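> This is the structure, below, for whatever I ask next.
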Amino acid sequence: MSPRRVRIVGGGLTGVLAALQAHRLGCREIDLHERFDDLGGVARSRQAHGLELREGCLYFGPRGDPMRGLLESHGVVFEDFENRFGSVSPAPGGELAITHDFGGPALATRDLTLSPMAGDTLTDRLRAYPAEIGQALTRYCQWHLGTWLDEVHESAAIPLAINRVFPVGPDIAQIATRKRADRLHDELYAIPRQLWGRLDNLTAALPRGGFGAFFTQCRRELERLGVRIHDTSLVSPRQALAERQPGEALVWAANPMPLFKTLDMEAPKLIKKSFATYAFKVRYGGPLPFYVQNFTAQGAVFRIYLYESRGQAVLLAECVREASDADLRRELHRLMSGFGGASLSIGEQVAANVGPRWIYQSTDAMKKLVALRADFARTLGDAFVPGAWEPYSKAEKFAQVNVGLAAAFDAADAPAAVSAA
Ligand SMILES: Cc1cc2nc3c(=O)[nH]c(=O)nc-3n(C[C@H](O)[C@H](O)[C@H](O)COP(=O)(O)OP(=O)(O)OC[C@H]3O[C@@H](n4cnc5c(N)ncnc54)[C@H](O)[C@@H]3O)c2cc1C
């Protein structure tokens, strides 16, 4: 038996996947509410001059990725590509340290010794490293986020792309030995894949035709399955809870902030930071897609993403602040100098956008989201499925929501376990 009805609030990737999963688990009364007139959330396709703007290098895994498997079973077609990337890190004398096939920072150190992490802030994480690495990372994080790092949760290391550091100087064999022997060394240090033959992220995939075609296909498939999609339907938590019917599971795959007020809880302090994004038509002789992360803490650009849209090579520059066109072009050429930059010709700017991103969790938000989740579990039991608010990665979100849905479906088999608020 399954819940008679599953109501999903939020039509981003998490909400779309939750609807497919609820259907797979046997539910045939599914409502999906999205506040805007388009599915997709942060992954929604945005267009400029007929080209797709892709912020954030959102990829899927190779065949075998569970999220991809579910989508493929519903007709979504993926195209595999060779996953290529690199990074630029600070080097003595203001030089650039170019690293191929590694998207994290490569930082010089004499010593590999790590201290245990004393707490859960980003500062605690950076302090675990030897001093010269910790200092370079602190400069980078302050430049990127412009905030006190002791208010940021250490999990922000993932969207900051510093979840692993390549320690430059020590012997590769020595780093590998430490990584194999100790969990903390394995978590905090990396070796670029070509240097030690670990080839697990060689292939990645994008939906054929881009994210616009992807969400069109998802919508078509959801409608074919009988999922009722409610566009421009901004659902308030009070409304969602008041309208709950017996045997209904509610999946909150949307911004959790309004939920705090519903439970008379204090909303958390968030990390507020605006970023600027610029898109250019380009010509480039290297492989596409390709991205480069900048850890020098200089200039404006923190990531360059090169990809193809409708046969046109596009360069998307993600920046910690706004920048003039001339400065931007100079900086892009400098950062690309170690990655076939001589073949890069930057043409017309086709888009510029400034806006906040909510992907860096504060320690306060992490603490309060745990309390919020616990309160909902106490009042609604498994009939409330929190939308995996804390993790950044879409794969982790997918896995967490699936666990929540599975529990809701088990609970529906044992109705006494589901207590209404
Ligand atoms: C710039 C950027 C880059 C990223 N890059 C990656 C990446 O490379 N890899 C990765 O794994 N993850 C990445 N992420 C993380 C990303 O958040 C997830 O991968 C995933 O796309 C999030 O989907 P979601 O559905 O959980 O949230 P969202 O995409 O935020 O969707 C939430 C949806 O809920 C709707 N909504 C909100 N409130 C309401 C309401 N009250 N009623 C109805 N609808 C509502 C919103 O309009 C939105 O459509 C990135 C995020 C950003 C911002």
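> Based on the mean of other beta carbon atoms within 10 Å per residue, what is the order of 354-362, 264-272, most packed first?
On the way: 354-362: 16.1, 264-272: 14.1.
Ranked from most to least packed, the peptides come out as 354-362, 264-272.
> Which trypsin sites (Lys or Arg not before Pro) does the stretch 79-186 hold that lie in a coil by DSSP with at most 12 other beta carbons within 10 Å?
Values: sites: 84, 110, 125, 127, 139, 164, 178, 179, 180, 183; in loops: 110, 164.
Those satisfying the criteria are 110.
> If R₀ is 56 angstrom, what is the calculated FRET efficiency for the pair residue 201 and residue 269, using the beta carbon separation as r and rounding to 0.05? Walk me through the intermediate numbers first.
Numbers: r = 34 Å, r/R0 = 0.61.
Given R0 = 56 Å and the Cβ-Cβ separation, E is 0.95.
> In deg cm²/dmol and to the nearest 500, what is the mean residue ellipticity at 222 nm of the chain if only DSSP H runs of at least 4 residues count, each as -39500 (n - 2.57), divided by the residue total?
On the way: 13 runs with 136 residues, N = 421.
Value at 222 nm, helices only, nearest 500: -9500 deg cm²/dmol.
> Taking the 0 to 90 degree range and rounding to the nearest ten, how far is the long axis of helix 363-380 tilted relative to the main principal axis of the chain, both from C-alpha atoms?
It is inclined by approximately 20 degrees.
> Can you tell me the order of 389-395, 246-252, 186-192 when each peptide is scored by its average per-residue count of other Cβ atoms within 10 angstrom, highest first?
Working: 389-395: 16.3, 246-252: 22.1, 186-192: 19.3.
Per-residue mean Cβ counts within 10 Å order the peptides as 246-252, 186-192, 389-395.
> Continuing with this model, one more query. Pairs to check: 261/394; 368/397; 269/394; 179/281; 269/397; 179/269. Give those whose C-alpha atoms are more than 30 Å from each other in this structure. Mind showing how you got there, number by number?
Numbers: 261/394 26 Å; 368/397 18 Å; 269/394 23 Å; 179/281 41 Å; 269/397 22 Å; 179/269 35 Å.
From 261/394; 368/397; 269/394; 179/281; 269/397; 179/269, over 30 Å: 179/281; 179/269.
> What are the ³J(HN,Hα) couplings of the stretch 35-41, residue after residue, when phi is run through the Karplus curve with 6.51, -1.76, 1.60 and θ = phi - 60°? Round to Hz, x for glycine and proline.
5, 9, 8, 9, 6, x, x
> If you don't mind, there's one more thing I want to ask. Around residue 262, what is the net charge, scoring Lys/Arg as +1 and Asp/Glu as -1 over all other residues with Cβ under 10 Å from its Cβ?
Details: positive: 238, 261; negative: 264, 375.
My count for the surroundings of residue 262 gives 0.
> Describe numerically, in nm with one decimal, the distance between label points set 7 Å from Cα along Cα→Cβ at residue 283 and at residue 310.
Placing both labels 7 Å along Cα→Cβ, they lie 2.0 nm apart.
> Within the set of other residues whose C-beta is less than 15 Å from the C-beta of residue 376, count the net charge using Lys and Arg as +1 and Asp and Glu as -1. Show your work: numbers first, answer last.
Values: positive: 7, 238, 244, 261, 368, 373, 378; negative: 248, 264, 375, 382, 390.
Cβ neighbours under 15 Å give a net charge of +2.
> Figure the gain on full extension for residue 329 and residue 194 (residue separation times 0.36 nm, minus the Cα-Cα span) and round it to one decimal in nm. Walk me through the numbers on the way to the answer.
On the way: separation 135, 0.36 × 135 = 48.60 nm, distance 3.03 nm.
Using 0.36 nm per residue and subtracting the Cα-Cα distance, I get 45.6 nm.
> Using the Cα centre of the stretch 275-342 as the reference point, and only Cβ charges (+1 on K/R, -1 on D/E), how large is the resulting charge dipole? Debye, rounded to the nearest 20.
On the way: 8 positive and 6 negative charges, 31 e Å.
Roughly 160 debye, rounded to the nearest 20.
> Packing-wise, with mean Cβ within 10 Å as the measure, how do 278-289, 340-351 rank, highest first?
278-289, 340-351
Every number here is computed from the coordinates shown, using simple stated rules; none is lab data. Model, not experiment: these values are computed from the prediction. Every residue, glycine as well, gets a Cβ built from its backbone with ideal geometry; the counts of neighbours run over all protein chains shown.
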